[in-house]
């Protein structure tokens, strides 16, 4: 049995869990304050939310050592008790945290091996260092060819770089997506803002559309509508404009569509770190801030010239299968997470750990 903790913020954590759950041989139990997805085949433990104002959020970081453990919070206490009870009752072989330092620590304190879903950005704070250090493996949904700079070699040695993956991997493109004979002036932009919060305003959208008269804009998220299945729109678009969330970028990569990426402000600089990696790989057209209206015509043309042909570097198409194989291997009684499951990493250069490290 594997436990899989799914964070409630946005949609990306849940999408990733569903992709992996469909491919694992080992039974998975979901642990989340989100409702159970309709296509989830295993058990699902609905956790109490740990947000809200039922009590003052005193010292939520435990003097800077954790991320969210407010004193005397009933929801926090309830969810920790539910996870602990499930661990005691089922004795899982493994727990995946995507993503909570506190859940990872709780599981490891109860003797359960842990896989932490890694994120880009500056994770040098004490809480992230604790979770990444104690993890038996780090699941890194980006290519090893575009690593996160500054990671210690101990983290890189136990990282499984799966490449990005999404619910659309391997999905056929709609027949109407190519729209043969479409006039050159009838080009389409899909703006995806996601469900995790957006910094783009309705005025920003209106002025961008007014500055690009040869383009039709469709907006999902933020001030626009929402679609549970953006795949047809992704395939139809000449250019997608999106933030740099892991899931949004993975869906653009799956569609192999020319993309403009404008990272939004997130804790630890996660989206800006992803955007830097995309720019370094020449995979997308990247701007640090929402462009001025006058810049949009040239920016969209630049994205078309860049194209989507290099997205296979970011998302080779089998990332979820790679992640599932990792979990099955670590949960297996034959291999598991015994001391021999991961050999001690040996830096290839630099006695101070500053060199590279051979990953397994």
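Read the figures in this text as sums done on the coordinates, not as results from a lab. Small disclaimer: the values here were computed from a predicted structure and weren't measured. Because the Cβ atoms are built from the backbone with ideal geometry, glycine has one as well, and the counts that use them run over all protein chains shown.
Quick notes on this one:
- Cα-Cα separations in the stretch 45-158 greater than 19 Å, expressed as whole percent: 50
- With the convex hull constructed from alpha-carbon coordinates only, the chain shows a mean projected area of 19.3 nm² over all directions.
- Its residue count N fixes a reference of 2.2 N^0.38 Å for the stretch 109-169, and the Cα radius of gyration divided by that reference is 1.15.
- Averaged over residues, the count of other Cβ atoms within 10 Å places the peptides 264-276, 9-21, 281-293 in the sequence 9-21, 264-276, 281-293, highest first.
- Peptide ranges 39-51, 230-242 listed from the most packed, as the mean C-beta count within 10 angstrom indicates: 230-242, 39-51
- Separation of alpha-carbon centers, the stretch 199-274 and the stretch 1-74, rounded to whole Å: 26
- Annotation: peptides 164-170, 201-207, ranked by per-residue average of other Cβ atoms within 10 Å with the highest first, follow the order 164-170, 201-207.
- In percent, rounded to a whole number, the relative contact order of the stretch 91-156 is 29, using alpha-carbon pairs under 8 Å and six or more apart.
- Relative contact order (%) - the stretch 176-314, alpha-carbon pairs under 8 angstrom, separation at least six: 24
- Whole-number percent relative contact order across the chain, with pairs defined as alpha carbons under 8 Å at least 6 apart: 18
- The calculated 222 nm mean residue ellipticity attributable to helices in the chain amounts to -9000 deg cm²/dmol, summing -39500 (n - 2.57) over DSSP H runs of n ≥ 4 and dividing by all residues.
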